[in-house]
Amino acid sequence: MPPKLNLTGQRFGRLLVICEGPKARPNAGSKWRCVCDCGVDVITETGALRSGHTKSCGCLHRDIMREKSTTHGQQGTPEYRAWAAMIGRCTIKSHSSYRNYGGRGISVCERWRLYEQFREDMGNRPAGSTLDRINTNGNYELENCRWATKEQQDNNKRTSVFVTFEGRTMTYSQWARELGSDPSVLRQRWIKFGTLKPIQRTKESYYAKTNRTNQCL
Ligand SMILES: [Zn+2]
């Protein structure tokens, strides 16, 4: 006959076995009276303890659930997915887009390393929008990010092209603010005339640019 199992004094997770517990029937398996770290007494079966199935009075599970819900509990939300993707492409070298982000020196600001803080700054993602950087060469930080639709982003891409003019390099948007003009006007001007300053059009310059002959003059 094998020696009688005695779990007294053994610890299973948060449970410490105090003594053998009352049996439901004489032939039933042993039960153990345990005290949980939180102070609650429980009677548990041998199998549940030894298999690792029972590790507390139930407080462990509650604590885990509470932790999940207070850390944020929104792994599946659009905001969380946007955050996780941002962290991935900027910090994980094996990420398929790392080359175009982290690899180009695009980083995530210190504050946004924590999802909760990103969420607090950016708020709810409006339907149909994605996380967008206003300056596409800038970092992920509040000043440079917004939730934007595809249309807004395409528009931004055109105007966030950098232009070097009179020794300074800025985006069309930045030039537009400085010159009191519209980014798309500046873009047209730059492409057509190679300048961001207003064109003083004379008949000669007009004909020169358009390759027309001045036969009508
Ligand atoms: Zn407990």
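The values are calculated or read from the model by the stated rules, or taken from the named source; none is laboratory data. This structure is a prediction, so every number in the text was calculated from the model and none was measured. We place every Cβ from the backbone using ideal geometry, glycine too, and count neighbours over all the protein chains shown.
Has the stretch 59-73 got at least one residue that is assigned to a loop (DSSP other than H, G, I, E, B) and under 28 Å from R146 (Cβ atoms)?
yes
Taking the stated definitions as given, is L15 in contact with a Ser or Thr (Cβ under 8 Å, 6 or more places away or on another chain) and not hydroxyl-bearing (S, T, Y)? Outline the logic, then answer.
Values: in contact with a Ser or Thr (Cβ under 8 Å, 6 or more places away or on another chain): yes; not hydroxyl-bearing (S, T, Y): yes.
Answer is yes for this residue.
Consider only pairs whose beta carbons are under 6 Å apart and that are at least six residues apart or on different chains; among these, list those whose first residue lies in the stretch 35-48 and is more than 11 Å from P22 (Cα to Cα) and whose second residue is away from the ligand (no atom under 12 Å from the Cβ).
What qualifies is V35/I18; T46/G29; T46/S30.
Going through the stretch 14-58 one residue at a time, which ones are among the basic types (K, R) and within 15 Å of the ligand (Cβ to nearest atom)?
R14, R33, K55
The conditions are (1) in the same structural domain as T91 (by TED's automatic domain parsing); (2) farther than 22 Å from G102 by Cα, and D132 fails exactly one of them. Which is it?
Only one criterion is unmet by D132, namely (2).
All but one of (1) within 30 Å of N6 (Cβ to Cβ); (2) among the basic types (K, R); (3) away from the ligand (no atom under 16 Å from the Cβ); (4) crowded, with 16+ Cβ neighbours inside 10 Å hold for R89, so report the exception by its number.
(1)
Among the residues of the stretch 63-71, is any in contact with a helix residue (DSSP H, G or I) (Cβ under 8 Å, 6 or more places away or on another chain) and more than 30 Å from N6 (Cα to Cα)?
Scanning the stretch 63-71 turns up at least one residue that is in contact with a helix residue (DSSP H, G or I) (Cβ under 8 Å, 6 or more places away or on another chain) and more than 30 Å from N6 (Cα to Cα).
Among G52, G76, which is the only one that is at positive phi and in a loop (DSSP other than H, G, I, E, B)? Quick ask: steps written out before the conclusion?
Details: G76 fails: at positive phi.
Within the list G52, G76, the selection yields G52.
Kindly indicate the residue of the stretch 59-86 that is exposed (fewer than 15 other Cβ atoms within 10 Å of the Cβ) and near the ligand (Cβ under 10 Å from one of its atoms) and also modelled with the highest pLDDT among those meeting that condition.
Checking each candidate, the answer is H61.
Kindly check whether there is at least one residue in the stretch 144-161 that is at pLDDT 85 or above, in contact with a strand residue (DSSP E or B) (Cβ under 6 Å, 6 or more places away or on another chain) and aliphatic (A, V, I, L, M).
The answer is yes; a qualifying residue exists.
Within the stretch 116-152, can you find the residues that are in contact with a helix residue (DSSP H, G or I) (Cβ under 6 Å, 6 or more places away or on another chain) and assigned to a helix (DSSP H, G or I)?
Across the stretch 116-152, the qualifying residues are Q117, F118, R119, D121, L142.
Mind checking which residues of the stretch 153-186 are in a loop (DSSP other than H, G, I, E, B) and either among the basic types (K, R) or within 30 Å of the chain's Cα centre (by Cα) (or both)? Walk me through it before giving the result.
Step one: list which residues in the stretch 153-186 are in a loop (DSSP other than H, G, I, E, B), which gives 160-161, 166-167, 180-182.
Listed by number, the residues that qualify are S160, V161.
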